[in-house]
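The values are calculated or read from the model by the stated rules, or taken from the named source; none is laboratory data. Note that this is a predicted model, so its numbers are computed, not measured. Here the Cβ is made from the backbone with ideal geometry for all residues, glycine too, and neighbour counts use every protein chain on show. Side chains included, ligands, DNA and RNA excluded: accessible areas come from the protein's heavy atoms. Shrake-Rupley method; radii C 1.70, N 1.55, O 1.52, S 1.80 Å.
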Amino acid sequence: MGSVSIPLIELFAVKQIAPCGYKVQKPNGKFEGEVEVGLKFFPKVHHGVLEVHLIEAHGLLDSDTFGKSDPYAVVWCHKEILKSRVIEKTVNPVWDEFFRFNVNSDVNEVLIKLFDKDDLRSDDPLGNVVVPLHLVFTDGEVPPTKYKVLGPKGQPQGEVSIALKFSSMD
């Protein structure tokens, strides 16, 4: 016989892959023949509470002309929006804050927007972080993990440490 390796990351994102050919690898390592497979992904329906632990950030953009940034985070999960406290005069804030969201199968990521609080004008954007949730839904929790903060053109502008926990209500 033989085996076929099919990467599933795309399937999780798009839910269906049209039939296509995959080369069959024999136990001796040589490829021989092809199998055609179409895939559909039916995710487990989940309903419960997602806990986002916003731990800290490092190397954020210093957007203040005088002094350092005063960063805070806005956490978007589906239709809920929660805001962290402002940490004054730093590009390496430590929040250690927990945010809880009621989630269902419609939710697949959390968006975190970072801002510099300004008193005299509108707050300056420091960048965004998109946190995928597939691991927390399958494993129940994700330990503290560093995610890149991306600027408006996709350029890295520091990183944020976040841990996740999911408690099912099913």
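Counting only residues that are over 22 Å from LYS165 (Cβ atoms) and assigned to a loop (DSSP other than H, G, I, E, B), how many does the range 81-117 have?
Count: 8.
Give the residue that is nearest to ASN92 (Cα to Cα), with candidates limited to residues of the range 60-80 that are part of a loop (DSSP other than H, G, I, E, B) and touching a strand residue (DSSP E or B) at 6+ places or on another chain (Cβ under 7 Å). Spell out how you get there, then give the answer.
Keep residues of the range 60-80 that are part of a loop (DSSP other than H, G, I, E, B), which gives 60-70, 78-79.
From what's left, touching a strand residue (DSSP E or B) at 6+ places or on another chain (Cβ under 7 Å): 60-61, 63-64, 69-70, 78.
On the way: LEU60: 7, LEU61: 10, SER63: 13, ASP64: 14, SER69: 9, ASP70: 10, HIS78: 27 Å.
Ranking the candidates gives LEU60 first.
Go through the residues of the range 89-97 one by one and say whether even a single one is modelled with pLDDT of 95 or more and exposed (fewer than 13 other Cβ atoms within 10 Å of the Cβ).
yes
Within the range 20-38, work out how many residues are in a strand (DSSP E or B) and either loosely packed, with under 10 Cβ neighbours inside 10 Å or of a type in the set (A, V, I, L, M) (or both). Explain how you work it out, then say what you get.
Looking only at the range 20-38, we keep the residues that are in a strand (DSSP E or B), and these are 20-25, 31-38.
Checking which are either loosely packed, with under 10 Cβ neighbours inside 10 Å or of a type in the set (A, V, I, L, M) (or both) leaves us with 24, 35-38.
Residues flagged as in a strand (DSSP E or B) and either loosely packed, with under 10 Cβ neighbours inside 10 Å or of a type in the set (A, V, I, L, M) (or both) within the range 20-38 amount to 5.
List pairs: first residue in the range 85-98 and on the phi > 0 side of the Ramachandran plot, second residue open to solvent by 70 Å² or more (accessible area, probe 1.4 Å) anywhere in the structure, Cβ distance under 6 angstrom, at least six positions apart or on different chains.
LYS89/LYS68
In this structure, is ILE112 buried (at least 16 other Cβ atoms within 10 Å of the Cβ) and closer than 24 Å to ILE9 by Cβ? Don't jump to the end; show me each part of the working.
Working: buried (at least 16 other Cβ atoms within 10 Å of the Cβ): yes; closer than 24 Å to ILE9 by Cβ: yes.
Taking the combined requirement at face value, the residue satisfies it.
Taking the range 39-59 as the region of interest, how many residues are in a strand (DSSP E or B) and at pLDDT below 90?
Matching residues across the range 39-59 total 2.
Any residue in the range 113-130 that is within 16 Å of GLU51 (Cβ to Cβ) and in contact with a strand residue (DSSP E or B) (Cβ under 7 Å, 6 or more places away or on another chain)? Can you show your working first?
Filtering the range 113-130 down to residues within 16 Å of GLU51 (Cβ to Cβ) leaves none.
No: zero hits.
What's the total number of residues in the range 118-170 that are among the basic types (Lys, Arg) and modelled with pLDDT under 95?
Here is the first cut: in the range 118-170, the residues among the basic types (Lys, Arg) are 121, 146, 148, 153, 165.
Still in the running and modelled with pLDDT under 95: 121, 153.
Looking only at that region, the number is 2.
Go through (1) under 23 Å from VAL49 (Cα atoms); (2) in contact with a strand residue (DSSP E or B) (Cβ under 6 Å, 6 or more places away or on another chain) for ASN108 and report which single condition fails.
Only one criterion in (1) under 23 Å from VAL49 (Cα atoms); (2) in contact with a strand residue (DSSP E or B) (Cβ under 6 Å, 6 or more places away or on another chain) is unmet by ASN108, namely (2).
Inside the range 138-170, can you point out the residues that are part of a strand (DSSP E or B), surrounded by fewer than 17 Cβ atoms within 10 Å (Cβ to Cβ), touching a residue at least 24 places away in the same chain (Cβ under 8 Å) and of a type in the set (A, V, I, L, M)?
Residue satisfying the conditions is ALA163 alone.
Quick one: count up the residues across the range 1-19 that are more than 18 Å from HIS134 (Cα to Cα) and surrounded by fewer than 12 Cβ atoms within 10 Å (Cβ to Cβ).
The qualifying residues number 5.
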